[in-house]
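> Right, I'll just put the structure down here and ask away after.
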Amino acid sequence: MSKYFLESSAFTKRYKLEDGSIFINQLFEGEHTLFYLNLAILEVRKVIFRLWKRPLKQDNQISEREYNNLESRFATDIQKMIRVEFSEEMIKKSLEFLKKASENNAWIKTSFDLAQLTAYLIAKEENNDLFFVCADECSYLIKAAKVFVNDSDIIIPTKNF
Amino acid sequence: METAAIQSGHPLVEEKSSTKDNYVKVYNLTFVDKWYFYFPPNLVNPLYQYEYKEVVQLPLRLTNPLYGREELDEWINDKAKNAPSIEKIWEITARLPSLTKMLLEDRNNE
């Protein structure tokens, strides 16, 4: 039984079949321990809400019923996961991580990236076999994560999975 | 009450807090420009004179990061009832753009 920390971009792979979705789905279907940051609730719910109320194109809008179905599925998934609370320690340490990443030519671009990485790194201090799952192949986040952990601790669900 | 360590020599602002009911009282520990006389006559150095002045009362709602956790868990448990299968979700999202791409675009446009 392995432990995985799902960053928000890994979560969204679960809800639409695309490259990497099968791997993410297997994490949920298997006997693994899945962690997530409480702030991911905010990010994922916002995406789902946007599909309902602020779609990119009119023909891609979802109905209220479909919106509720997506929310319901998401709630079921996080019910079975371990929620990591973004703590004051993480607020303090996030700047240390930002600094170290920057010194190693890895800029953590967004605040949510920083929050997710910080939460993972601190969770990993408590669970040293914890993998980081992030779907953003080209991201600054992955590059920054590699400053702190081995490449083998980072999983990018793509078509290779 | 918990008292923060007082740094001597400089009139720094320190805080201490106490809890009563559902509030946290926040105090500023400020330098007071007073001279005190005691018997035997002894002029007390004002640099070490501080007093606590109540600044604001904050509800735990604003200070406890876990405030509302029960309500959030209740929402999750409620929403999770009668959840559709993941296959049903994939049917819904089949016609939609990549959710991951949307999330990352939103995030990168912070």
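> Using Cα centres only, tell me the gap between segment A:104-161 and segment B:70-110 in whole Å.
Rounded to whole Å, the Cα centres lie 22 Å apart.
> List, in the order given, every pair from A:LYS143/B:LYS101; A:LYS3/B:LYS101; A:LYS57/B:LYS79; A:LYS99/A:LYS146; A:LYS13/A:LYS143 whose Cα-Cα distance in the structure shown is over 22 Å. Display every interim value, and only then the final one.
Numbers: A:LYS143/B:LYS101 18 Å; A:LYS3/B:LYS101 25 Å; A:LYS57/B:LYS79 27 Å; A:LYS99/A:LYS146 14 Å; A:LYS13/A:LYS143 20 Å.
Among A:LYS143/B:LYS101; A:LYS3/B:LYS101; A:LYS57/B:LYS79; A:LYS99/A:LYS146; A:LYS13/A:LYS143, the Cα-Cα distance tops 22 Å for A:LYS3/B:LYS101; A:LYS57/B:LYS79.
> Let me ask another. Could you list the square roots of 5 times each eigenvalue of the Cα gyration tensor of segment A:31-146, that is, the equivalent ellipsoid semi-axes, sorted largest first and rounded to whole Å? All intermediate terms of the calculation are to be shown ahead of the outcome.
Values: eigenvalues 171, 66, 29 Å².
The answer is 29, 18, 12 Å, longest axis first.
> Can you check what the net charge comes to around A:PHE97, using other residues whose Cβ is under 14 Å from the Cβ of A:PHE97 (Lys, Arg +1; Asp, Glu -1)? Mind dumping the intermediate values first?
Values: positive: A:LYS92, A:LYS93, A:LYS99, A:LYS100, A:LYS109, A:LYS124, A:LYS143, A:LYS146; negative: A:GLU89, A:GLU96, A:GLU103, A:ASP113, A:GLU125.
That works out to +3.
> Which one of A:ASN127, A:ASN105, A:ASN60 has the biggest mean-square fluctuation once chain A is modelled by GNM with Cα springs under 10 Å?
A:ASN60
> Please compute the alpha carbon radius of gyration of segment A:86-161, then divide it by the globular-protein estimate 2.2 N^0.38 Å. Two decimals is fine. Intermediate values should be presented prior to the final figure.
Values: Rg = 11.9 Å, N = 76, 2.2 N^0.38 = 11.4 Å.
Compactness ratio reported: 1.04.
> Shifting gears a bit: Longest span of chain A, sites excluded, free of trypsin sites (Lys or Arg not before Pro) in DSSP loop with at most 13 other C-beta atoms within 10 Å? Spell out each step's value before the answer.
Numbers: sites that count: A:LYS57, A:LYS80, A:LYS159.
The answer is A:81-158.
> Relative to the first principal axis of the alpha-carbon coordinates of chain A, what is the inclination of helix A:111-126, with its axis defined by its Cα atoms, in degrees from 0 to 90 and to the nearest 10?
Tilt relative to chain A: about 60 degrees.
> Take every residue in peptide A:75-84, count the Cβ atoms of other chains within 10 Å of its Cβ, and give the average of those counts.
Working: counts 8, 10, 4, 3, 6, 1, 0, 0, 4, 0.
Mean partner shielding for this stretch: 4.
No lab work stands behind these numbers, since they all come straight from the coordinates. As the structure is a computational prediction, the values presented were derived from the model and not from experiment. Neighbour counts are summed over all protein chains in view; Cβ atoms, including those assigned to glycine, are modelled from backbone coordinates with ideal geometry.
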